[in-house]
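Note sheet for the following structure.
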Amino acid sequence: MQEERTGALRRDAVGLREVLFQSVTAMAPAAAVAASIPAGAAFAGGSLPLAVLIALVACLFTASCVAELARELPSAGSVATYAARGLHPAVGFLVGWGYVFVEMLVPPLLLLQLGFTAAGTLHEEWSSYPADLWWPWSLAGAGIIAVAGYLGVRASARFGTVLGVFEILVFLVFAVLLIGKAGVANTLSVFGTSHTADGYAGISGVFAGSVYTVLAFAGFEAAAPLAEETRDPRRTMHRAVLGAALGIGLFYVITTYAMTVYFGPDRFAKFGASGAASWDGVARASFGLFWVLVFLAVINSTIANANACANVSTRTAFALARVRVLPRLLATLHPRHRSPVAGISLQTLVAVGAVLGLGFGYDPVTAFLLLATVIVTVVVGVYIVVNLACAGYFLRSGRAAVKPVRHLLFPVLGIAAFVPALLTAAGLPVFDFVTELTAPVSYAGPIVGIWMAAGVVVLLLLIRRHPERIAETARVHLDAYDPAGPRHDGTVPR
């Protein structure tokens, strides 16, 4: 019976389509286009499409590193395993400790957005609906993702695929309509530096905009924790991670270009996430009831993202619990669905607790900003470590395995791209465009520091009492089931 409750995740349950959309929905494309990317307009102005294009290229460096490691090390532990094998098992533990923490916070983040977006829109349409009655929508979303996760990876991933297709289609259709209505105003000058915001002239404005835009790409690695449940994982993971980063990056470029030329490049610095100068505002003012589809796409995006990141948190927690560096209970699987039911239960409790506790303790928008700052700070830090791990893994594997561009140059460029994003997310005013954080959002830094310090304490205790468990974070469990056998030599399958 114990074997049934733990054991292995369901093999060959999903394919390329499902894991591709696992990463796609984790990037929350509709929500990013409508809410995250416009933050860069205050700096890049009408040159925001160029800023997005630069961010795409920058993120592809890290996506390439993740894809290379995912092909070599297909594991539910994903980034924790990569860091353990590429750097040191202790680093892998700390990466996993931080990654599980923030990925468990992503669903409550999105559920808060679901709540205040739905309540605000309904209040705007029908003033009798209370603007502060946001929490029933958040709890309904929590129930949906809990059920999807319980039914197993196949149900959860297919659910995410349907949601992902819908939100992308809505915004692509809207982009085509915007480009058509822009007519002669269509111009490639938005891919230059002539339309930046006042005070941020030229390339400095574009760079500032791209730093804020980089954060919209977070989540492209979310396919990796499904490796042990995926058909032909070495090949599929590589394609899914790169495909999601490139595909959604181009989606961002197209949609941002469309809105920029329609709204007007020289006044785009005033464009934002709400009000008349926003995606919702433009849809309401110029496209009749089409705004309803835009609204539904954003709502859809929050649920899809929460679902994808619940998959990430529960699989990563399962992998660490399997080697007993997290409580063994989190490795418990449903005997039929092979879903990590204990992890899903914990994820649901964390989501509901964070949503209600922070949402009522502050307000849902402030709670959203606090959680977002915690999440982005850790996730960007993880990306930097994974870039280092990519170089370390292939250098350790021997000269024959090293591809200088993919395994050395790209990691360096990936780190260079994400260091400014890390400083911006943390509110450290190293650049003049970084806004210093105020309370309670400024509590994000101490929260992350306390959690990681606790991780160091746990790590030291494990090293002293159970050092073999830390070493196990580097193990690729799928090797036992792979007819090709373990790939400890670092060679890349062709």
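Summary table below
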quantity: Compactness of the chain, expressed as Rg and Dmax over alpha-carbon positions, Å; calculated: 21.8, 70
quantity: Over the range 202-285 - Rg/Rh using Cα atoms and the Kirkwood inverse-distance radius; calculated: 1.12
quantity: Using alpha-carbon coordinates, inclination of helix 203-214 to the longest axis of the chain, degrees; calculated: 50 degrees
quantity: Chain lengthening between LEU409 and VAL57 when straightened (0.36 nm per residue, less Cα-Cα); calculated: 125.4 nm
quantity: Fraction of accessible area attributable to carbon and sulfur, the chain (%, probe 1.4 Å); calculated: 68 percent
quantity: Gain in span if fully extended, VAL162 to ASP363, counting 0.36 nm per residue against the direct Cα distance; calculated: 69.2 nm
quantity: In nm, spacing of pseudo-spin labels at VAL184 and GLU125 (7 Å Cα→C-beta vector); calculated: 3.8 nm
quantity: Residues of the range 310-369: accessible area per residue with a 1.4 Å probe, Å²; calculated: 37 Å²
quantity: Accessible-area ranking of HIS88, HIS334, largest first, probe 1.4 Å; calculated: HIS88, HIS334
quantity: For the chain, calculated [θ]222 nm from helices alone, where every DSSP H run of n ≥ 4 adds -39500 (n - 2.57); calculated: -22000 deg cm²/dmol
quantity: Residues in the range 7-21 reached by a label modelled at ARG235 [backbone nitrogen below 16 Å; 7 Å Cα→Cβ]; calculated: 12-20
quantity: Chain lengthening between LEU246 and ARG17 when straightened (0.36 nm per residue, less Cα-Cα); calculated: 80.9 nm
quantity: P(r), alpha carbons of the range 48-134 - 5 Å bins starting at zero, rounded %; calculated: 3, 12, 12, 11, 12, 13, 11, 10, 7, 5, 2, 1
quantity: Two-decimal log10 I(q)/I(0) for the range 157-262, as the Debye equation yields it once each C-alpha is a single scatterer, q = 0.14, 0.16, 0.18 Å⁻¹; calculated: -0.73, -0.88, -1.00
quantity: Solvent exposure of the range 125-282 as accessible area per residue, Å², 1.4 Å probe; calculated: 41 Å²
quantity: Per-residue HN-Hα couplings for the range 320-331 [Karplus 6.51, -1.76, 1.60; θ = phi - 60°; Hz; x = Gly/Pro]; calculated: 6, 6, 4, 9, 6, 9, 10, x, 4, 4, 5, 8
quantity: Ordering of 122-132, 106-116, 263-273, 427-437 by burial proxy (mean other Cβ atoms within 10 Å per residue, highest first); calculated: 106-116, 263-273, 427-437, 122-132
quantity: Spacing of the two label points (7 Å from each Cα toward its C-beta) at ALA276 and ARG336, in nm; calculated: 5.6 nm
quantity: Point-to-point label distance, ARG396-ARG465, nm (Cα→Cβ direction, 7 Å offset); calculated: 2.6 nm
quantity: Solitary cysteines of the chain, where the nearest other Cys Cβ is not under 4.7 Å; calculated: CYS59, CYS309
quantity: Cα lying deepest toward the dipole's positive end in the range 64-134, options VAL95, SER128, PHE116, charges on Cβ; calculated: VAL95
quantity: Cα centre as origin, Lys/Arg/Asp/Glu Cβ charges: the chain dipole, Debye; calculated: 1500 debye
quantity: Burial order of peptide ranges 242-255, 295-308, 68-81 (average beta-carbon count within 10 Å, highest first); calculated: 68-81, 295-308, 242-255
quantity: Whole-number Å³ per residue for the convex hull built on Cα positions in the range 299-449; calculated: 177 Å³
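The values are calculated or read from the model by the stated rules, or taken from the named source; none is laboratory data. Owing to the predicted nature of the structure, the values given are computational and were not obtained by experimental measurement. Please note: Cβ atoms are built from the backbone with ideal geometry, for glycine as well, and neighbour counts cover all protein chains shown. In case anyone asks, the SASA skips ligands and DNA or RNA and just uses the protein heavy atoms, side chains included. Shrake-Rupley method; radii C 1.70, N 1.55, O 1.52, S 1.80 Å.
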